[in-house]
Structures are given as structure tokens and as C-alpha cells.
Amino acid sequence: MRTVQHPAALAAQLGCVYKSAALHYDRRRVRTIDRYILREILVPFGLGLGVFTLILLIARILKLIELVVNRGVPIIDVLRVFSYILPAFLEVTIPMALLLAVLVAFGRLSSDSEITALQTSGVSLWQMLRPVALFALAVFAVALGVSWYGRAWGNGLLRTGLYEIAKTGATAAMRERVFADDFPGLVIYVDRMGPGGNSLRGVLIADTREKGQRNTILAQSGTLVPNENQHTLTLRLAHGSVHSFDNHDRSYHRTDFNTYDINLDLNAALARLRPRERDPSEIPSAELRRLIAEKEATGTSATAEVVEIQRRLSIPFACLGFAAIAVPLGIQPSRAVRSRGFILSIVLIFIYYVFLSLGENLGNRGILPAVVALWIPNAFLVLLALGAFTVVSHGGLGNLRGRLLFHWRANRRRPAVATAGPGRP
């Protein structure tokens with residue numbers, strides 16, 4: 001027996017099917033828009049990260065190339081030191097690249113009227129923020145990893161890496177039957193060198209490091225002795241003599257020795273590697289937190305360590321602040337999208353890092369608590385983003401000014417209402 005469905009029930013089923021199809025279409029459209037905006041952000045982010053990092057590294061790169069060309073340092077050692085330097089710069093350039101990427105992406109969408117088209121089709125500005133927020137959170141996680149782990153790792157290994165390069169360069173500077181003048185005040189001649197370059201035979205050295213005196217040193221053999229802890233390199237000579245000539249009294253002296261040490265000046269750049277207490281930027285975060293707890297338990301000041309911890313947390317958070325402020329600034333109409341985005345990003349970055357330097361100074365001097373001082377730049381970004389979103393939500397700066405002026409004039413023209421005072425009915 002055939003049953004006939006009631007029209008109302010059929011209409012309800014058709015309505016459910018329509019709503020389901022509409023919801024599926026709406027979700028697919030939202031995913032398409034999210035992917036489209038993400039593609040617009042990814043390309044300028046990659047380019048900005050490369051350009052900003054290259055700008056900051058260009059001076060270091062030239063020095064590293066000089067080590068390869070002039071000092072004969074192996075390229076592998078130079079690349080290793082380069083990898084130690086990179087995290088400290090990525091900590092800074094990742095937020096910078098994110099700011100530039102969002103500015104350029106939304107500036108391009110606005111200049112091509114795609115923002116207007118999306119809003120006309122029912123996509124609000126808050127919906128456009130979703131892919132930006134997801135991308136900013138992913139970049140924030142990467143920046144936090146670089147700041148929390150990578151920077152301390154790189155700074156800690158940089159001392160050792162530079163010392164190894166200097167030691168290798170010092171060894172490479174000495175060649176058989178060649179007068180090497182790479183060390184200030186010394187000219188070294190070696191007749192034969194053993195495997196690895198550490199053992200020397202037939203050594204002649206002209207030493208003019210002392211003013212008014214010239215020393216000529218002859219030795220049967222010599223050995224290069226590195227001191228890893230002191231970051232020095234010593235040329236230890238054996239079985240020789242020192243011939244000294246004094247320019248003032250025109251006297252000559254000869255001194256025979258069994259062992260004679262000469263400390264080689266590796267490089268003026270290694271002066272910062274001399275034995276000293278480790279800087280907080282070189283200490284891993286877990287060890288740094290233990291050090292803070294130990295100092296606080298003993299009543300010792302841990303200001304520098306607390307400032308460093310807050311810095312490692314504050315700078316990655318700038319990714320979220322830069323992304324929030326870049327959206328309303330990027331959708332402002334402009335013809336030169338890329339140049340405008342680059343100039344805006346440079347201005348905002350400059351202001352942010354001025355506040356960051358000020359906060360670090362105030363925190364290190366104890367004028368403000370580190371938790372407050374190091375988060376001043378992020379508070380500035382949040383306030384600036386809220387102000388920019390307020391302007392955009394009112395249709396731009398011109399519309400906001402017009403509305404405020406209209407309300408002000410309306411309040412001026414509104415007649416005053418008499419209030420009933422004492423004795424009035």
C-alpha cells in the first residue's frame with residue numbers, strides 16, 4: 001500500500017536539506033576565502049623574512065667571507081658560526097616580516113577593491129581576521145621557540161665557534177718557508193710543519209711588540225697549544241735563543257731557553273670572549289629560571305636574569321600585536337601598496353624597538369619591575385590596534401571625524417532642559 005507524505009512534513013524535510021546545503025556551501029566558501037588570504041600573506045612573509053634578515057646580517061656576512069678568503073678558514077666552520085648567529089636575528093625579524101606581510105596582503109586586497117567585494121558578499125572584517133589570527137598564532141609559536149630556546153643556544157655556542165675559527169685561522173696563517181705577518185708585531189717563519197699544523201720545526205720569529213726593542217727568536221721546534229677555557233693560543237718554543245737589541249742604549253743581549261711561550265693575538269674581535277661571567281642571553285631558559293630561584297632564595301639581585309626571561313616572552317608576543325594592527329592599517333586605500341607597506345612597517349618597528357630598549361633600560365636599572373617594563377611595547381601595540389580598529393569600524397578616519405563633529409554640533413544646538421529647583425513646582 002503506497003503512503004503519501006503530508007505536505008508539511010515534506011516541506012520541513014526540504015527545509016532541512018536546504019539549510020544543510022547552505023551551511024555546507026557557507027563553510028566551503030569560508031575555507032576558500034581563508035586559503036586565499038593565507039596565500040596572499042605567505043609570499044610577502046617569506047620575502048620580508050629574507051630581506052630583513054639579510055639586512056641585519058650583511059655586515060656579519062662580509063666578515064665571515066673575509067675569514068674564508070683571507071684567512072683560509074674552512075667554509076664549514078664559517079657556516080656553523082653563521083648558524084649560531086642566525087637565531088638572535090630571527091627573533092627580531094620574524095615579527096617584522098609578519099607585520100610587513102599582513103600590511104602588503106591587505107593593502108593589495110584593498111587597492112584591488114577585493115575587500116569591498118568580500119564585504120558586499122557578506123564577509124565581515126572579523127571573518128577576514130580568522131586566517132590572519134591562525135597564521136599569527138603559528139608564527140608566534142615559531143618565534144617563541146626561537147626566542148626561548150634558539151637564541152640562548154646560538155649565543156652560548158658562538159663563543160666556542162669564534163674561537164675555533166680564530167684558532168684555525170692562526171694555524172692556516174703559518175705555512176712552510178713563508179714569512180707570516182698575520183699577528184700584530186710578529187713575523188713568523190717555519191721551516192717544516194707536522195700533520196695538522198700544530199708541530200713546527202725550525203722556527204724564526206721577529207718580535208717588535210715591545211717599543212724600543214727588537215727581539216729575534218730562534219728555536220729548533222715549536223707547538224701550538226690552545227687553551228679552550230681562556231680562549232687563547234700559545235706558541236710554545238723549545239730549545240732556542242732570544243736575541244734582543246735595545247734601540248735606546250744600543251745594547252745587545254742573548255738568552256738561551258729550553259721552553260719559551262708566545263701568546264698569539266688571535267683577533268681583536270675575540271676580546272669579548274675573554275673569561276667572564278656568562279651573559280643571561282647565553283643561558284638556556286630552564287637554567288635561567290633555576291638561577292633566578294637560587295638568587296632570590298639567597299637574597300641576591302636577579303634583575304638581569306628576570307629582564308632576559310621577560311624579553312624572551314615579550315618579543316614573540318609582538319607577532320600578535322603586529323598582526324592585529326596591520327589589518328586595519330593595510331585596508332586603507334593606497335596606490336603604492338608595497339612601498340607604503342614597507343614604510344609603515346619600518347616606522348612601526350622603529351617605534352616598537354625604541355619602546356623595547358626603553359623598557360629594558362628601565363628594567364635593568366630597577367626603575368620599573370621587569371614584568372611591566374618589558375611589556376610596555378606590547379601594550380602600545382594593543383592600544384594602537386584598538387584605536388585603528390575603531391577608526392576602520394566607523395568607515396575610516398574621515399567618517400569618524402565627521403560623526404564626532406556631527407554629534408558635537410547636535411549637542412551644542414540642543415536646548416537646555418530646565419530642572420526643577422527648590423521652591424519650583
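Numerical summary
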{"item": "Cβ-Cβ FRET estimate between Ala379 and Leu79, R0 fixed at 30 Å, reported to 0.05", "result": "0.15"}
{"item": "Heavy-atom SASA rank of Lys211, Lys63 (probe 1.4 Å, accessible area, largest first)", "result": "Lys211, Lys63"}
{"item": "Additional length obtainable on full extension of the chain from Gln127 to Ile58, 0.36 nm per residue less Cα span", "result": "20.9 nm"}
{"item": "Derived scalar couplings ³J(HN,Hα) [region 109-120; Karplus, 6.51 cos²θ - 1.76 cosθ + 1.60; whole Hz; x for Gly, Pro]", "result": "5, 6, 5, 8, 6, 6, 4, 5, 5, 5, 5, 5"}
{"item": "Per residue accessible area in Å² of region 339-382, where ligands, DNA and RNA are left out and the probe is 1.4 Å", "result": "51 Å²"}
{"item": "In sequence order, calculated HN-Hα J values of region 40-45 (Karplus, 6.51, -1.76, 1.60; Hz; x Gly/Pro)", "result": "5, 7, 4, 5, x, 5"}
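The values are calculated or read from the model by the stated rules, or taken from the named source; none is laboratory data. From a predicted model like this one, the values you see are computed outputs, not experimental measurements. Cβ atoms come from the backbone with ideal geometry, glycine included; neighbour counts cover every protein chain shown. Ligands, DNA and RNA are stripped out before the accessible areas are found, and what is left, the full protein with its side chains, is counted by its heavy atoms. Shrake-Rupley method; radii C 1.70, N 1.55, O 1.52, S 1.80 Å.
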